[in-house]
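A short write-up of the structure that comes next.
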């Protein structure tokens, strides 16, 4: 996929997948939801609409099921009385595909880390280690529904 940079490119990209997978949130959670999405997802992979239901609740839209599921799990912890999912967003087959994908990525990046270490490219190996931690975190999330906060995350969004 090409890098999406301009607001017009983002809008065009969103129009291709919208409405995608939607998650309803209560009327007081729009700020929390936008902050969560900005922190955890690329700008082109989610959208938001205010007051979409008669009770003034809001709707978040996601390009893929995994993002919607991740958002829903965190939202349900924040406000379990408002929203719950009656059925899982992933079938067993889709869940197994996600697990296999992250396991494959972890194996690939581990080999790359060893290669960089062997070539004495320690900064590159260190960067790859962080990528590996992200993959391991995502695998853990798929398996358990629990998000693990990575050590450097507080620093990533300190200026936001």
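The values are calculated or read from the model by the stated rules, or taken from the named source; none is laboratory data. Remember, it's a predicted structure, so these values are computed and weren't measured experimentally. Methodologically, a virtual Cβ is constructed for each residue, glycine included, from the backbone with ideal geometry; neighbour enumeration extends over all protein chains shown.
Considering only segment 143-151, I want to know if a residue exists there that is at pLDDT 80 or above, within 30 Å of residue 32 (Cα to Cα) and surrounded by 15 or more Cβ atoms within 10 Å (Cβ to Cβ).
The answer is no, given that none of the residues of segment 143-151 is at pLDDT 80 or above, within 30 Å of residue 32 (Cα to Cα) and surrounded by 15 or more Cβ atoms within 10 Å (Cβ to Cβ).
Got a sec? Which helices (runs of 4 or more DSSP H) wholly within segment 1-109 have at least 1 residues that are modelled with pLDDT of 90 or more? Working first, answer last.
Working: elements: 7-17, 30-40, 65-78.
Those helices (runs of 4 or more DSSP H) span 30-40, 65-78.
In the list 130, 117, which residue meets the criterion of being outside the structural domain of residue 70 (by TED's automatic domain parsing), part of a helix (DSSP H, G or I) and either within 24 Å of the chain's Cα centre (by Cα) or under 29 Å from residue 68 (Cα atoms) (or both)?
Answer to the selection: 130.
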